[in-house]
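Below you'll find the structure, written out as structure tokens, and then a few comments.
Derivation of every value follows stated rules applied to the coordinates shown; laboratory data play no part. Bear in mind that the values here come from a model prediction, so they are computed numbers and not experimental data. Quick reminder, even Gly has a Cβ in these numbers, built from the backbone with ideal geometry, and neighbours come from all protein chains shown.
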Amino acid sequence: MALNYKTKDGSAPQGKPRVYLTGHPKDLPACLDDITDDIFQSQNCAVYYRTDPQTDEEAKNSFYELEQMQLIVIPVTSRFLLEDNQARRLEFPYAMKHHIPVLPLMQEPGLEETFNRICGNLQVLDRHQQDTTALPYEKKLSQYLGSVLIDDDMAEKIRAAFDAYIFLSYRKKDRRYAQQVMHLIHSDPKLYGIAIWYDEFLTPGEDFNAAIEAALEKSQLFTLVVTPNIVESGNYVMTTEYPKAREAGKPILPVELLSTDRGQLDACYQNLPPCASVSEKDAFHETLLKTIRKTALQMRDSSPEHLYFMGLAYLNGIDVEVSRDRALALLTAASNFGLPEAVETLVSVYKHGNGVPADPLTALHFQERLCVLRRKRFEETADEIDCQDLIFALCDLGDDQLNAGQTVSATKTYLELYDICRGQADRLPDYPNVTAQNLTECCTRLGDVLRAEGRLDDAVICFEQALTHCRKLCEQSEEVYARMLSAKLCRSLGLTFQKLKKTDQAKCYFTQYLKEVSDLDRQLSNRQTGLLLADSCDCVGGLCADTGDLSGAETSYEYGLKLRIQIHQHNPSDPAACYNLAASYENLAFVSFAKKDFDTAIRYYNESLDNLFLYWEETHTLQAGLDLADCYRTLAEVYLQTGNHEEALDNCREGLDIDQELFKRYKTDTAKNRLALDHRLLEDIQALCRRDNAT
């Protein structure tokens, strides 16, 4: 059954990196445009998808198409996880078994635990993340796609590295025989560098004429897959492809896969040469080599660079069939020669499970080796481009060590990184933007590690140095990125000083955070800056609450609420806006409760409930349910303080109903543990109600 496709500019999909978008069939129409638009922001690829339902047998028969994909993207929803669908039941397990990279895109909050239980621990990107200080979703997606897919420039370098091109002609009903010929050609190591053009996938309404003419012009050999199907009258091979090859004067090599009447062949295909037989493998390879050598662009030796480009070709299906085993062998051979680019690719292969099981520790091993090679090259050349390559490699190494829990090693790596960046600054007297940015990000990373280790005083030193370098970057550049980074560093310093119980310093940096995001919001006035501004109000309010300044906390929280109301009014259909409003109301409810103003606390908690309920009704996700149940439970505890046990009982029951629904639907340990807490609280309140009735 044919695949549909979308491309960035509406062009033909041939030659582009292949991405397969799949999921629950009811989810795809709603998210197709958003996901493809996000992908096309950074990649010129072809995104394939299906609109018509398949039987299980048809789905299994299309697994070869799945193997030819460089990436499989899955929108993760409740339906995908909890309802029967072929994407989860057939395609996802097949992709994991054959080590095809899978990128889950979270479409609903709160599904992480359920996803991990059903699908395992995969990297997941969340377009609707609530953390305004985290790396933006678009940036994470761009980085991931860049590490898995090949860009246009690299694809052209790969194509230029092939020794020759073969045009493979076959009837569509003979696809499996065409695949057999491709495998046979590339089973000889001497023919790894031969590219094969074939009409990758059947796409509805596609006109192949222009693509075929271009491919024939580029090819040095026309190979014809011979079966009885090619002598059926009126087929495209007979009427178009073979005549065009003859007209272009291309050498022709017919390959007989099934016994076919020679008389019929001669009648249908004028001057057809004798057929080669796939049953005689050595003879076939020898015939092919002799033909290719006469017209080849070049027959290269196995240099590290050539091995590397061929490895990328087979990994990404650039003018050859995807063969991840062959790609791994070629890339490993290139890396053994010490080619940094090959080692870098192997890092990505093991990190994302591309042709091998995902293995973070092996990826880390290759990243360490990459740093050794980058360091050696920089020491030899003293070139600033090589210095920047080393900086990037060390950044990734430190991050990978941190993700592996190797904080001591990560600290050592970030310290080396700082020394190199500092040396770069000393060599470049005009202190260019790239140096300031390198020093900023280096010190920020080191500060994050030290704070996570509890070394708060050392973390402060690193964050302050990062802020100094960042402000130099801001002086030289008006880029929003630099100013946003400065604001977030003020936030990091405020939170660190807050942990150190140094209130004055924390207040100073939170105030700077508030000022900087206020300036950004006046300039940009978008949702991101508005959310950051509200977050800065929460930071100031939280510090005031910690120090007993409830009036100051209330003022800050009220301003944050005002901002979130404006964001909600600007886009009332956005469920996340209701969620953010609920958080502001809960902050104010907390302050009122601390002031023992129970009536106001109850009013604010009810406002929070209203917004959480809207969010729950719109998304019906696990996180929405958890937050709604928590709010009911907290409100029950407020009513207990007022002595209104009946209202406390009603709210406790509402929370229990939500938690029961969550446990029934998601079956998570979190939901199970919450039910136990709900029942204990319910029993306590019921006991109080019985006592009230008795008196």
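Key figures
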| item | result |
| --- | --- |
| Pairs of lysine residues in the stretch 166-296 - Cα separation under 29 Å, sequence separation of 8 or more or cross-chain | 29 |
| Fewest-first ranking of C508, C421, C395, using other Cβ atoms within 10 Å as the exposure measure | C508, C395, C421 |
| Farthest toward positive dipole pole in the chain [+1 Lys/Arg, -1 Asp/Glu at C-beta], among A545, I658, P228 | P228 |
| Lys, Arg +1 and Asp, Glu -1 on Cβ, resulting dipole of the stretch 367-453 about Cα centre, debye, nearest 20 | 180 debye |
| Label-reachable residues, the stretch 495-518, where backbone N falls under 20 Å from a point 7 Å from E464's Cα toward its Cβ | 495-514 |
| Total charge dipole magnitude, the stretch 166-296, about the Cα centre, Cβ charges on Lys, Arg, Asp, Glu only, Debye to nearest 20 | 280 debye |
| Percent breakdown of C-alpha pair distances by 5 Å bin, ordered from the shortest bin, for the stretch 4-152 | 2, 9, 20, 23, 22, 15, 7, 2, 0, 0 |
| Under-5 Å amide H pairs with K8, H placed in peptide plane, nonlocal only | C45 |
| Helix 480-499 vs. the chain, principal-axis angle (Cα, 0 to 90°, nearest 10) | 50 degrees |
| Helix 137-148 vs. the chain, principal-axis angle (Cα, 0 to 90°, nearest 10) | 30 degrees |
| For the chain, calculated [θ]222 nm from helices alone, where every DSSP H run of n ≥ 4 adds -39500 (n - 2.57) | -21500 deg cm²/dmol |
| Separation of the K190 and D574 label points, Cα + 7 Å toward Cβ, nm | 6.4 nm |
| Förster radius 41 Å - calculated FRET efficiency between T239 and S279, Cβ distance, rounded to 0.05 | 0.90 |
| Order of S11, S142 under a 10 Å beta carbon neighbour criterion, fewest first | S11, S142 |
| Extended-chain gain in nm, criterion 0.36 nm per residue less alpha-carbon gap, K139 and S302 | 55.0 nm |
| Positive-end residue of A248, L265, H285, charge dipole of the stretch 245-288 with Cβ unit charges | A248 |
| Inverse of mean 1/r across different Cα pairs in the stretch 209-291, Kirkwood, Å | 13.4 Å |
| Sorted by Cβ density within 10 Å, fewest first, the residues K501, K376, K6 | K501, K376, K6 |
| Zero-based 20 Å bins, Cα pair distances in the chain, whole percents | 15, 40, 31, 13, 3, 0 |
| Residues S11 and Q566, FRET efficiency given R0 of 35 Å [Cβ-Cβ distance, rounded to 0.05] | 0.25 |
| Stretchable slack from H365 to F63, in nm (0.36 nm times residue separation minus alpha-carbon distance) | 105.5 nm |
| Relative contact order, percent, the chain [alpha-carbon distance under 8 Å, six or more residues apart] | 8 percent |
| For the chain, size of Cβ-based charge dipole, Lys and Arg +1, Asp and Glu -1, in debye | 1220 debye |
| Spin-label pair D519/T55, simplified geometry with 7 Å Cα→Cβ offset, distance in nm | 6.8 nm |
| Spatially near lysine pairs across the stretch 464-589, Cα under 24 Å, sequence gap of 8 or more or different chains | 16 |
| Q270-D151 FRET efficiency (beta carbon distance; Förster radius 60 Å; 0.05 resolution) | 0.90 |
| Set of lysines near K26 by C-alpha distance (under 29 Å), chain-local residues within fewer than 8 positions excluded | K6, K8, K16, K60, K97, K139, K140, K664, K667 |
| Neighbour cut-off at most 16 other Cβ (10 Å), DSSP loop, trypsin sites (Lys or Arg not before Pro), the stretch 396-487 | R455 |
